[in-house]
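Computed from the coordinates by the stated procedures, all read-outs in this text should not be read as laboratory data. Just so it is clear, the structure is predicted and the values come from calculations on it, not from any experiment. Here the Cβ positions follow ideal geometry from the backbone for every residue, glycine too, while neighbour counts run over all protein chains shown.
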Amino acid sequence: MHIGLLLFPRLTQLDLTGPFEVFARMPGARTYLLWKDTQPITCDRGMNILPSMALSEAPQLDVICVPGGPGQIDLMEDDEVLDFLRKQAAGAKWVTSVCTGSLVLAAAGLLDGYKAACHWASRDQLALFGAEPVDARYVIDRNRATGGGVTAGIDFALALAAQIHGETMAKAIQLSIEYDPAPPFAAGSPKGAGEDVVSTLKVVMAPMLEKRLAASHRAAARLSGGQRPA
């Protein structure tokens, strides 16, 4: 099984590395980190990751996965990336994302009419592209599988592993990475964090969220102008 994860500048590394850890443990899986070239990519928090293959060299993938992060904003208007996703999606068994990667899939016209997850702070933007936003750790709708924000990528990947290899194998993978979360705070969602924490974070995120919303509006306008895939 060929599994490709999109690697791009200023992505959130855990959006990528969480699912990668699960996918790489699936029987028979060949995993690729894909970008336009194979030069090191710097993530949004400074980690450097090396792509394993250029987009132009990628085989037909069985699973295509798009992570999120601030760099996702630029991808929504990147024709090379969007065209790559459309072409791969046409032959892929699974079209997937983590966090705001679902907005990139949406910008490519690949979530129109599908239920989908996203980071809570940007989830509502999915509706601009004809998708149905869902408040969930992950959503599987036909052959579209989308994860919520960052850490939800592990949940999403395990759920996808169960779809592909069965629940017993997915549980074995979960045990192998000792994924048994017990966070010190119940602040992993807006509901649990409370209004004070949510307000504090929204102030920090405001400039980036404004840029993302503007990019979503532009990308949605392009699709409505006739650039939806056939």
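Within the chain, antiparallel bridges make up roughly 25 percent of the DSSP beta bridges whose residues both belong there. Dipole magnitude for region 79-230: computed about the Cα centre from +1 point charges on Lys and Arg Cβ and -1 point charges on Asp and Glu Cβ, it is near 440 debye. Between amide H atoms placed 1.01 Å from N, distances below 5 Å from TYR138 occur with GLY148, all of them 5 or more places distant or on a separate chain. Lys/Arg Cβ at +1, Asp/Glu Cβ at -1, dipole of the chain taken about the Cα centre: which of ASN143, MET76, ILE154 is farthest positive-ward? Working it through, the farthest residue towards the positive pole turns out to be ASN143.
For region 108-117, 3J(HN,Hα) computed residue by residue from phi via the Karplus equation (6.51, -1.76, 1.60; θ = phi - 60°) reads 7, x, 9, 10, 4, x, 10, 6, 7, 9 Hz, glycine and proline entered as x.
Relative contact order, percent, of the chain when contacts are C-alpha pairs under 8 Å separated by at least 6 residues? Relative contact order of the chain: 18 percent. For region 138-152, putting each phi into the Karplus relation 6.51 cos²θ - 1.76 cosθ + 1.60 with θ = phi - 60° gives couplings of 7, 9, 10, 10, 6, 9, 9, 10, 10, x, x, x, 6, 5, 5 Hz, in residue order, rounded to whole numbers and with x for Gly and Pro.
Packing, as the average of other Cβ atoms within 10 Å across residues, places the peptides 184-193, 163-172, 71-80 in the order 71-80, 163-172, 184-193, highest first.
Residue-wise HN-Hα couplings along region 21-36, as the Karplus relation 6.51 cos²θ - 1.76 cosθ + 1.60 with θ = phi - 60° gives them from phi, are 4, 6, 4, 5, 9, 6, x, x, 7, 10, 9, 10, 9, 10, 8, 5 Hz; Gly and Pro carry x.
Shown for the chain: lysine pairs separated by 8 or more places, or found on different chains, whose C-alpha atoms are under 27 Å apart, numbering 13.
The ratio of the alpha-carbon radius of gyration of the chain to the globular-protein estimate 2.2 N^0.38 Å is 0.96. Footprinting exposure proxy ranking of TYR138, TYR32, TYR179, fewest other C-beta atoms within 10 angstrom first, gives TYR179, TYR32, TYR138.
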